[in-house]
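Trainee: Just passing along the structure, written as structure tokens.
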Amino acid sequence: MGRYVARRLLQMIPVFIGSTFLIFAMMFALPGDPVRALMGDQAFDPAVVEAIRHDRGLDLPLWQQYLKYLFELVQGNFGTEIASQRPIADIIAQAFPVTIRLTLFAFTFTVVVGIGLGIIAGLRPESVRDRGLLALTLVLISMPSFVLGYLMQYLFAFKWGVTTPTVQDSESFGDLLLPAIVLGSLSLAYVARLTRTSMAENLRADYMRTAVAKGLPRRRIIGVHLMRNSLVPVVTFLGTDIGNLMTGAIVTEGIFNVQGVGDAIYEALFRREGATVVGIASLIVLVYLLASLLVDLLYAVLDPRIRYA
Amino acid sequence: MTIIKETAGVPAPRAGGEASGPLLEVRDLHVEFHTRDGVAKAVNGVNYSVDSGETLAVLGESGSGKSVTAQAIMGILDMPPGKIPHGQILFRGQDMLTMSNEERRQIRGRKIAMIFQDALSSLNPVLSVGYQLGEMFRVHQGLSKKDAKAKSIELMDKVKIPAARARIGDYPHQFSGGMRQRIMIAMALALEPDLIIADEPTTALDVTVQAQVMDLLAELQREYNMGLILITHDLGVVADVADKIAVMYAGRIVETAPVHELYKRPAHPYTRGLLDSIPRLDQKGQELYAIKGLPPNLLKIPTGCAFNPRCPKADDICRTEIPALAPVTEQDGSDLPGRGSACHFWKETIHG
Amino acid sequence: MPEKTAATAASTGAEKVTSTAAAPDTALVTKAPKPDKARSLWSDAWHDLRRNPLFLISAGLIVLLIVISAFPGLFTSASPRDADLANHYLGQPNWSHFFQPDWFGYDGQGRSIYARVVYGARASIIVGVGVTALVTILGTLVGMIAGYFGGWIDTLLSRLTDIFMGIPFLLGALVVLTSFEKRAIWVVILALVFLGWTQIARVARGSVITIKQADYVVAAKALGASTTRILTRHVLPNALAPIIVVATIALGGYIAAEATLSFLGVGLAEPTVSWGVDVSSGREQLRNAPHVLIIPSVMVSITVLSFLMFGDAVRNALDPKLR
């Protein structure tokens, strides 16, 4: 197992490099120049601009720039923003905890409600409550999060006045409740459907028949025999979904004015601060990769037929 | 192996034999499945009985209703689409079909246990065999985890799984086919039930392993004096183990007989066809006999005798009248105990 | 990771097949009714779909949406770009004025929301259909090559898929699209294809690996069939069902993605008429005139919902496991 983890960690390196390089290359292709933006409308000396560019290594070929960047990154140095001169690590340190809180909140909501609904529906495939849940999840999936976000904001803040339209205190779970629900709703719908399908399918498995033939009580048949088998695909989905939740925060944070990663990345994109975008993106990619490793390990725990190959 | 009535008396009937009569009796059982293409009549009036210490072999092709009958006894039919419009299943004289779910659950596993054909898919893939065996003791007898484990190891020894103690934590996929089937047997045996239903217990196994597993099953049955219903399509398996045989076709019993009599003198053309299609060494080089045609579509069972389209002896009466399971007698009219045939021409078949 | 998950998927899949095949008489009873004419997967699916109300409703809606986007002029006489600030600024909807320009009211620039909604359908449909078509072609190609040839080709393509999968979809699309000054509809399509092909590639690879080991492919190979012939005649037709299922369901997602990106200001932009753009411009007036934002939002949702239901129905019909 230790060797497997080590190998997987090694395998992650090229993927991490590839993904971050892609993002880096795309940022490099961005039109507009942060150095030029720095000068504003004032007349500027091309020589000064060149000097800054050279100083920053912006005149090097792409791959050299990337290697340099990666080299710094490995040492924990994210660089500084060109315009504001703020260390990017500061921006990250400020934004990440907010988003992680929001994501975890949304994740918990997704897991608890999604699996719960899935079980309720999956135990009675084709029943009224099953069809009702399928309809509900279809509606949730078909509402892009900005639609749901504004709908919630309009209803809860403007119409009923239950909450403030935007998040005042990103430390307060009460304030984060609405954004978390909006952020998690899509995943919730998927988790509910996946749980439901998986349970409905396993319900007809031979080992379920054996469990009944053993004279086990229904609670045990469902709780032990069915659940252990049915949750395997759900866990897989949840792991790969963490990355999506974190980037989904771009929209949600925008709507509810949460000062998190999504907000920071969106800002940076429009200020053409490539290094900030790549820095944050690298972290998200890392979270995604680690989460999928975790899922693979969990997968083998949940399903002993999987061997660490 | 001795024949029915004798065995029943030899070892004393096991505890709680309040009602006399057979351990299990199926009376006029009907099972149908409501599918989107119509109603499939899987079982159409089956009668049979088993005593303690007795082995009944139920023989038939797939689709003959032999497994469905067993599932109905066990109470593991999927309902819907399955439905039992008719019939009784008496266990020690009590009709299980009228019992509450909880009463039936108490019987399952504890009084009647089942061994399935495909042990790999019938064992839960994500739970260790020790857990699945121990579950029987923990649920039905309230044993602690530790005690249940000790009992499970004992069981695994009993079914001759080598290194039981070391393998108790292994998962089903880590065992060979034969070993897995032994685990299924151990699981069925755990609470020393009165009756075991074995549904094609050796079909999925290699021939060499088949014999070992069958021997083990027969040995344990003798030891615990259990009733055994052995469902199979393999005449070879039956001969050494069974006391009596019921041959099923299209949801009906077409012939019943003590095992050796059936082999000697079948009283139904279908049984004869089955026997003739067994390859025999002394007929090497000859063309192998095969029953022509296909098993009937259960949505459209032929009128009259269901076997008539495939029967070499079929006559007009076979196409219109369903033959009842009638007692079979010697040519001189003397009794042949335990024998019956559902053929209009049983006389010609057995004596002809 | 893909090695392992694909292998597991294949092995569990195989197990399920054997378990249903080995199930006793019950399985045979339900299978038995079909010997008279062997129904193919596709005709069986069609048989199911024709009597599925969800399918009929969603197919009807999709046809309507396609007609609207092809001939918006048939549905409204108003132009989506005519602005009359003086008379119509944030005009309220008149729910009884069916098909009139003021049916859904007016937006912050005095434009008929009904007309904008009608004309906005085209962008969504083109993006949805275009991205799905290209993603399916590209993904199937990559997945089929990786799955069929295996070896280093598979390793290379699988790592490439991993890399693209490692980039979160929305983040990637944001970055790609900000690098374009002018974002015509094909730019949005290409950006979504650039990031979206991985899903189909994985599905295709997985099912090709399973099919490759099937007896009929082995037999075709033994009989000396050429690689192209095996791929086009044996592998592709049999791998198609899961690919189509994933693609139809993804279609709704691409429409939602376009709307989201337009909403974030990196997708389509004025003067292109798009629901996402309209939602975005309606956000300022959410408190006073929610209809400006809600109506195009509802249109996005209904469209996505139609495609989702459609995809769902197709999947249920094509996936015998769910029967």
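None of the figures in this text is laboratory data; all of them are computed from the coordinates on show. Bear in mind that the values here come from a model prediction, so they are computed numbers and not experimental data. Cβ: placed from backbone, ideal geometry, glycine included. Neighbour counts: every protein chain shown.
Trainee: With charges set only on the Cβ (+1 for Lys and Arg, -1 for Asp and Glu), what does the dipole of region C:42-322 come to about its Cα centre, in debye to the nearest 20? Walk me through the intermediate numbers first.
Mentor: On the way: 19 positive and 16 negative charges, 147 e Å.
Dipole magnitude for region C:42-322 comes out near 700 debye.
Trainee: Of C:ALA146, A:PRO144, A:ALA180, which is farthest on the positive side of the dipole of the protein assembly as shown, counting Cα position, with +1 on Lys and Arg Cβ, -1 on Asp and Glu Cβ, and the Cα centre as origin?
Mentor: The listed residue farthest towards the positive side: C:ALA146.
Trainee: Across peptide B:115-121, how many C-beta atoms of other chains are within 10 Å of each residue C-beta, on average?
Mentor: Details: counts 2, 8, 4, 7, 2, 6, 12.
Whole-number average of other-chain Cβ neighbours for B:115-121 is 6.
Trainee: Amide H to amide H under 5 Å from B:THR35: which residues, 5+ apart in sequence or cross-chain, H placed 1.01 Å off N in plane?
Mentor: Long-range HN contacts for B:THR35: B:ALA40.
Trainee: A follow-up question, please. Name the residue farthest towards the positive end of the dipole of the protein assembly as shown from the options C:VAL203, B:LEU133, A:THR276, assuming +1 on Cβ of Lys and Arg, -1 on Cβ of Asp and Glu, about the Cα centre.
Mentor: Working it through, the farthest residue towards the positive pole turns out to be B:LEU133.
Trainee: While we're here: In terms of the Cα gyration tensor, with a ≥ b ≥ c the square roots of its eigenvalues, is region A:153-309 rounded because a/c is under 1.5, prolate because a/b exceeds b/c, or oblate? Provide the component values of the computation, followed by the final result.
Mentor: Values: a/c = 3.83, a/b = 1.73, b/c = 2.21.
Taking the square roots of the gyration eigenvalues as a ≥ b ≥ c, region A:153-309 is oblate.
Trainee: Among B:GLY333, B:GLY285, B:GLY227, which one shows the biggest mean-square fluctuation in a GNM of chain B, springs joining Cα atoms closer than 10 Å?
Mentor: It is B:GLY285.
Trainee: Can you give the average number of partner chain beta-carbon atoms within 10 Å of each beta-carbon in peptide A:214-225, as a whole number?
Mentor: On the way: counts 15, 17, 8, 3, 3, 0, 3, 0, 0, 0, 6, 5.
Whole-number average of other-chain Cβ neighbours for A:214-225 is 5.
Trainee: Quote the charge dipole size of chain B about the Cα centre in Debye, to the nearest 20; the model charges only the Cβ of Lys and Arg (+1) and of Asp and Glu (-1). Could you put the intermediate results ahead of the total?
Mentor: Numbers: 39 positive and 42 negative charges, 177 e Å.
That gives a dipole near 860 debye.
Trainee: Please identify every one of the chymotrypsin sites (Phe, Trp or Tyr not before Pro) in region A:151-238 that sits in a loop by DSSP and has no more than 15 other beta carbons within 10 Å of its own beta carbon.
Mentor: On the way: sites: A:TYR154, A:PHE156, A:PHE158, A:TRP160, A:PHE173, A:TYR190, A:TYR207, A:PHE237; in loops: A:TRP160.
Here the chymotrypsin sites (Phe, Trp or Tyr not before Pro) that fit, given the DSSP loop and packing criteria, are A:TRP160.
Trainee: So for chain B, averaging the separation of alpha carbon pairs under 8 Å that are six or more residues apart and normalising by length, what relative contact order in percent results? Please list the in-between numbers first.
Mentor: Numbers: 649 pairs, mean separation 71.0, N = 352.
Once normalised by length, the contact order is 20 percent.
Trainee: Select from chain A the helices, each a whole stretch of DSSP H, whose alpha-carbon atoms run 27 Å or more along the helix axis and whose Kyte-Doolittle mean is at least 1.6; answer none if there are none.
Mentor: Going by DSSP H runs, the hits are A:274-302.
Trainee: Also, quick follow-up: Checking understanding here: applying a Kyte-Doolittle mean of at least 1.0 and a length along the axis of at least 20 Å (C-alpha), which whole DSSP H helices in chain C pass?
Mentor: C:53-70, C:113-149, C:185-212, C:236-264, C:290-318
Trainee: Looking at the square roots a ≥ b ≥ c of the eigenvalues of the Cα gyration tensor of chain A, which shape do they give, rounded for a/c under 1.5, prolate if a/b is larger than b/c, or oblate? All intermediate terms of the calculation are to be shown ahead of the outcome.
Mentor: Details: a/c = 3.28, a/b = 1.68, b/c = 1.95.
The shape class here is oblate.
Trainee: Please state the charge dipole magnitude for the protein assembly as shown, taken about the Cα centre, from unit charges on C-beta atoms (+1 on K and R, -1 on D and E), reported in debye and rounded to the nearest 20. Could the numbers behind the result be given before it?
Mentor: On the way: 91 positive and 85 negative charges, 172 e Å.
With only Lys, Arg, Asp and Glu charged at Cβ, the dipole is about 820 debye.
Trainee: Around B:ALA246, which amide H atoms from residues at least 5 apart in sequence, or from another chain, sit under 5 Å from its own amide H, with H modelled in the peptide plane?
Mentor: B:ALA57, B:VAL58, B:LEU59
Trainee: Let me ask something else. Can you sort C:SER43, C:SER280, C:SER79 by how many other beta carbons sit within 10 Å, fewest first?
Mentor: Working: C:SER43 11, C:SER280 21, C:SER79 16.
Neighbour counts put them in this order, fewest first: C:SER43, C:SER79, C:SER280.
Trainee: Can I ask one more? Once you average over the residues of A:266-273, how many Cβ atoms of partner chains fall within 10 Å of each Cβ?
Mentor: 2
Trainee: Distance between the C-alpha centers of region A:148-203 and region B:225-250? Whole Å please.
Mentor: Using only Cα atoms, the two centres lie 60 Å from each other.
Trainee: A:LEU67 versus C:SER43, label points 7 Å from Cα toward the beta carbon: distance in nm?
Mentor: Going from the A:LEU67 label point to the C:SER43 one covers 6.3 nm.
Trainee: Once you place label points 7 Å from the Cα toward the Cβ at C:TRP152 and A:PHE156, how far apart are they in nm?
Mentor: With each label placed 7 Å out from Cα toward Cβ, I get 5.5 nm.
Trainee: Between C:LEU64 and C:ARG283, what FRET efficiency follows from the Cβ-Cβ distance if R0 is 30 Å, with the result rounded to 0.05?
Mentor: 0.60
Trainee: Can you pull the three principal axis extents for the Cα set of the protein assembly as shown, in Å, largest first?
Mentor: Computed over the Cα atoms, the extents are 125, 65, 64 Å.
Trainee: If you don't mind, another one. Looking only at GluC sites (Glu not before Pro) in DSSP loops with at most 14 other Cβ atoms within 10 Å, what is the longest site-free stretch of chain A? Show your work: numbers first, answer last.
Mentor: Values: sites that count: A:GLU126, A:GLU171.
It runs A:172-309.
Trainee: Cross-link list B:LYS292/B:LYS347; B:LYS264/B:LYS347; B:LYS83/B:LYS313; B:LYS41/B:LYS347; A:LYS68/C:LYS182; A:LYS214/B:LYS160: which exceed 26 angstrom alpha carbon to alpha carbon? Intermediate results must be reported in sequence, preceding the final value.
Mentor: Details: B:LYS292/B:LYS347 22 Å; B:LYS264/B:LYS347 15 Å; B:LYS83/B:LYS313 34 Å; B:LYS41/B:LYS347 29 Å; A:LYS68/C:LYS182 31 Å; A:LYS214/B:LYS160 21 Å.
Checking Cα-Cα distances, B:LYS83/B:LYS313; B:LYS41/B:LYS347; A:LYS68/C:LYS182 exceed 26 Å.
Trainee: For region B:242-292, just list the percent of Cα-Cα distances falling in each 10 Å bin from zero outward, please.
Mentor: Pairs per bin, as whole percents: 24, 48, 25, 3.
Trainee: Does chain B come out rounded, prolate or oblate, given a ≥ b ≥ c as the square roots of the eigenvalues of its C-alpha gyration tensor, rounded meaning a/c under 1.5 and, failing that, prolate meaning a/b above b/c? Before the final figure, lay out each step's value.
Mentor: Values: a/c = 1.70, a/b = 1.58, b/c = 1.08.
Here chain B falls in the prolate category.
Trainee: Suppose each label sits 7 Å from its Cα in the direction of the beta carbon; what would the A:ARG220-A:GLN75 distance come out to in nanometres?
Mentor: My value for the distance between the label points is 6.2 nm.
Trainee: In whole Å, how far is the Cα centre of region C:202-256 from that of region A:48-68?
Mentor: The distance from the Cα centre of region C:202-256 to that of region A:48-68 comes to 47 Å.
Trainee: Let me ask something else. Quick one: B:THR320, C:THR228, B:THR232, fewest Cβ neighbours within 10 Å first, how do they rank?
Mentor: Working: B:THR320 11, C:THR228 8, B:THR232 24.
Going from least to most buried by this count: C:THR228, B:THR320, B:THR232.
Trainee: Sort B:214-226, C:162-174 by the packing proxy (mean of other Cβ within 10 Å over each peptide's residues), most packed first.
Mentor: Numbers: B:214-226: 17.8, C:162-174: 23.6.
Order by mean packing, descending: C:162-174, B:214-226.
Trainee: To make sure I understand, if each residue's beta carbon is the centre and we count other beta carbons within 10 Å, what order do B:HIS344, B:HIS34, B:HIS268 fall in, fewest to most? Present the calculation step by step, with values, prior to reporting the outcome.
Mentor: On the way: B:HIS344 21, B:HIS34 13, B:HIS268 31.
In order of increasing Cβ crowding within 10 Å: B:HIS34, B:HIS344, B:HIS268.
Trainee: As I understand it, the dipole of chain C uses +1 on the Cβ of Lys and Arg and -1 on the Cβ of Asp and Glu, about the Cα centre. Which of C:ILE137, C:PHE194, C:ILE113 lies farthest toward its positive end?
Mentor: After comparing all options, I get C:ILE137.
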